[in-house]
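Report on one structure; see the data block that follows.
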């Protein structure tokens with residue numbers, strides 16, 4: 001096994017010796033140690049971190065005479081599990097007071113959970129996924145010195161709007177590098193005024209090459225494409241496709257579409273130089289130092305080259321921890337976390353990031369003052385309640401003219417530019433009640449209640465889907481609905497999973513009650529589309545023994561949760577990409593499958609009313625007529641009366657995870673499903689309209705949507721508990 005703790009150069013101010021464990025600090029230690037959990041460069045030294053440490057120590061160190069040291073752990077080539085183990089070593093080391101890193105957003109969630117439990121501040125300068133904020137919002141132990149990807153995608157959408165783009169597109173993976181763009185772009189585009197049909201997303205990755213997705217977005221008739229590379233080959237894919245699209249054609253002008261490359265931390269200069277003329281016209285935005293800070297000039301003077309993308313944010317990670325240690329008197333734990341909050345809230349004498357500024361800041365804090373610190377990235381401003389992320393930051397625009405040129409910068413969250421919204425929700429003014437029609441008048445009150453609950457995915461990474469489904473099951477059982485009237489479909493592999501740190505228990509909120517207790521499953525995760533259709537239609541067989549038995553007096557609840565796409569819900573889809581791509585007729589439960597089954601029940605007089613609740617990406621397709629949803633009506637040309645669809649998102653948006661449980665290191669719920677369940681449990685009997693309005697306003701990242709209201713009736717006169725109360 002390779003050494004866990006890598007030796008670093010003493011000349012850079014870094015501690016030495018692999019695997020060496022230090023004794024606990026005395027009241028006046030010989031040094032104060034900060035861990036670094038990152039892939040290390042060939043030199044073994046992150047020069048930006050080392051430079052910041054050098055400047056801290058040149059200013060007298062902490063407490064006037066205690067040097068700051070870095071203890072680095074190299075994560076190059078390590079699996080996610082190995083990175084977690086290395087993080088635990090740093091968390092257990094009593095001399096390590098804070099940690100900088102890790103390198104990726106996937107690792108950040110696990111590492112942050114460890115550090116929060118150990119009460120050690122964690123500062124990342126590279127992990128920019130929006131999920132980190134959703135998981136650790138309000139935590140004083142989790143910090144980032146680079147703007148979140150959510151802020152970047154919001155800026156890019158606003159820029160497209162400002163430049164007059166009529167239709168906008170996104171080409172991205174749904175993996176770690178592209179997930180925030182994939183999750184937030186459609187919602188933010190609609191929020192900024194684009195019509196749903198003028199927002200186009202193409203996904204590459206699992207089952208779909210980058211070239212295919214890029215060609216599709218170029219052919220979609222959009223004016224501005226945001227391209228999100230998750231690897232150097234993806235960047236090359238964008239360059240090649242864009243160059244080919246803009247190649248001169250006899251008698252034809254080049255297409256007006258502009259492709260803008262988002263910042264995912266990849267180096268752009270070298271691949272652009274290698275691409276040559278093909279890259280002309282390509283543009284993008286990179287995170288950059290504040291142009292007024294002087295950091296770029298100082299970096300070039302010191303190292304003879306332009307600053308790297310993350311140089312300023314890395315420098316600020318050290319600066320933030322060092323000033324926090326000065327304020328805490330060299331103490332770690334909660335004292336250091338509170339001190340870091342006080343440092344960024346300081347509004348006293350202005351001080352800068354450089355060696356002289358650092359020396360002044362350390363001296364002022366030692367004297368009991370609260371200087372106003374400007375980092376290399378700009379002002380170190382954090383929302384005092386939200387925490388985690390900066391509320392301002394700088395991006396630099398580049399364009400290949402040729403050559404590659406940085407022609408302007410944009411300060412996000414400063415001046416007239418609105419600050420990024422870390423968890424943007426629809427505003428009350430955006431809510432439009434659905435149109436009301438005559439609807440459907442049943443012959444009498446409900447006498448029975450049946451339910452179909454489907455968790456379409458399996459595995460620990462999809463924990464939230466099964467937990468959402470189980471909470472719905474428990475709600476029905478608590479209301480007295482018998483197991484014989486509920487068909488439950490799911491993998492049921494969480495309680496006994498070797499990854500479960502609470503064996504036997506499944507939660508839907510962090511630290512919450514067990515929603516698995518007593519649950520009875522009828523089918524496992526291998527159920528196919530035909531199984532769902534037979535269950536709904538009451539068509540029992542040797543392979544489908546448990547089915548619903550509805551009649552004209554039966555209310556039906558259908559709750560679907562999993563990974564979805566434009567073709568429907570992927571049964572057995574284990575990743576976002578798999579849900580988007582779809583799994584063919586056998587494994588994709590389509591809007592038409594659902595609509596046709598419900599139309600059959602209506603035609604045969606075996607349905608009173610139905611409420612269909614869908615928690616998935618693109619879930620609006622189950623309602624939208626264009627996709628074969630319930631609003632398309634029945635084969636007889638009549639509307640599908642008495643059926644309402646409540647979806648987590650519209651037909652173009654994703655639905656986001658929520659409720660991260662640090663103990664389990666898992667997302668235990670989806671935001672829409674949680675909001676829906678919590679609203680049901682408030683006990684004040686909301687109408688269907690009230691339920692829709694409250695969930696719509698509560699959910700961030702997507703627009704909860706309702707479909708078929710005109711064929712259902714006045715939603716304000718019908719109540720949600722009609723589908724959760726045994727008649």
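Just so it is clear, none of the values below were taken in a lab; they were calculated from the coordinates. Keep in mind that what you see is a predicted model, and the values were worked out from it rather than measured. Positions of Cβ are generated from backbone atoms using ideal geometry, with glycine treated the same way; all protein chains shown enter the neighbour counts.
Going 7 Å from the Cα of residue 81 toward and past its Cβ, which residues in segment 476-514 have a backbone nitrogen under 20 Å from where you end up?
Hits in segment 476-514 for residue 81 at 20 Å: 493-504.
Which order results if 128, 554 are arranged by neighbouring Cβ count within 10 Å, fewest first?
554, 128
How much length is gained if the chain between residue 551 and residue 58 is pulled fully straight, taking 0.36 nm per residue apart and subtracting their Cα-Cα distance, in nm to one decimal?
169.4 nm
I'd like the FRET efficiency for residue 231 and residue 443, computed as 1/(1 + (r/R0)^6) with the beta carbon distance as r and R0 of 56 Å, rounded to 0.05.
After rounding to 0.05, the efficiency reads 0.40.
Say each of residue 211 and residue 539 gets a label point 7 Å from the Cα, pointing the same way as Cα to Cβ; how far apart are those two points in nm?
4.2
Hey, can you rank 267-277, 68-78 by average C-beta count inside 10 Å, highest first? It would help to have the intermediate numbers written out before the result.
Numbers: 267-277: 14.5, 68-78: 20.4.
Answer by packing, highest mean first, reads 68-78, 267-277.
Length gain on complete extension for the stretch residue 301 to residue 119, per 0.36 nm per residue less the alpha carbon to alpha carbon distance?
61.7 nm
If packing is taken as the average number of other Cβ atoms within 10 Å across a peptide's residues, how do 629-635, 51-57, 582-588 rank, most packed first? Don't jump to the answer; show the numbers that get you there.
On the way: 629-635: 19.9, 51-57: 23.0, 582-588: 16.9.
Output ranking for 629-635, 51-57, 582-588: 51-57, 629-635, 582-588.
With a Förster radius of 56 Å, plug the Cβ-Cβ distance of residue 195 and residue 524 into 1/(1 + (r/R0)^6) and report the FRET value to the nearest 0.05. Present the calculation step by step, with values, prior to reporting the outcome.
Working: r = 42 Å, r/R0 = 0.74.
Efficiency computed from Cβ-Cβ geometry: 0.85.
Can you give the angle from 0 to 90° between the axis of helix 463-478 and the longest principal axis of the chain, with both taken from C-alpha atoms, to the nearest 10?
40
At a Förster distance of 25 Å, what's the computed FRET efficiency of residue 334 paired with residue 370, Cβ-Cβ distance as r, to 0.05?
Efficiency, rounded to the nearest 0.05: 0.85.
In the chain, what % of DSSP beta bridges are antiparallel (nearest 5)?
Taking every DSSP beta bridge with both residues in the chain, the antiparallel ones total about 35 percent.
Per the Debye formula with a single identical scatterer at each Cα and no solvent contribution, what log10 I(q)/I(0) holds for segment 648-727 at q = 0.12, 0.20, 0.24 Å⁻¹?
-0.40, -0.95, -1.17
Going by C-beta contacts inside 10 Å, put 622, 395 in order with the fewest on the left.
Exposure proxy ranking, most exposed first: 395, 622.
If packing is taken as the average number of other Cβ atoms within 10 Å across a peptide's residues, how do 181-189, 239-247 rank, most packed first? Mind dumping the intermediate values first?
Numbers: 181-189: 27.4, 239-247: 18.6.
In decreasing order of mean packing, 181-189, 239-247 become 181-189, 239-247.
Using Cβ counts within 10 Å as a stand-in for footprinting exposure, how do 48, 485 rank, fewest first?
Ascending Cβ contact count within 10 Å gives the list 485, 48.
Under a crude label model (7 Å from the Cα following the beta-carbon direction), how far is residue 65 from residue 502 in nanometres?
So the two model labels end up 5.0 nm from each other.
Cα centroids of segment 143-196 and segment 384-413: how far apart, whole angstrom?
Cα centroid to Cα centroid, the span is 14 Å.
What's the center-to-center distance, using Cα atoms, between segment 235-272 and segment 545-617 in Å?
Segment 235-272 and segment 545-617 have Cα centres spaced 41 Å from each other.
From the helices alone, meaning DSSP H stretches of at least four residues, give me the mean residue ellipticity at 222 nm for the chain, per-run term -39500 (n - 2.57), in deg cm²/dmol to the nearest 500.
My calculation for the chain gives -9500 deg cm²/dmol from helical runs alone.
Under the 0.36 nm per residue contour assumption, what length would be gained going from the current alpha-carbon distance of residue 484 and residue 274 to full extension?
That works out to 69.1 nm of additional length.
Kindly provide log₁₀ I(q)/I(0) values, in the same order as q = 0.11, 0.13, 0.14, 0.17 Å⁻¹, from the Debye equation applied to equal alpha-carbon scatterers of segment 428-723.
These q points yield log10 I(q)/I(0) values of -0.58, -0.83, -0.98, -1.56.
Taking only Cα atoms, what is the 0 to 90° angle, nearest 10, from helix 80-92's long axis to the longest principal axis of the chain?
For helix 80-92, the angle is close to 50 degrees.
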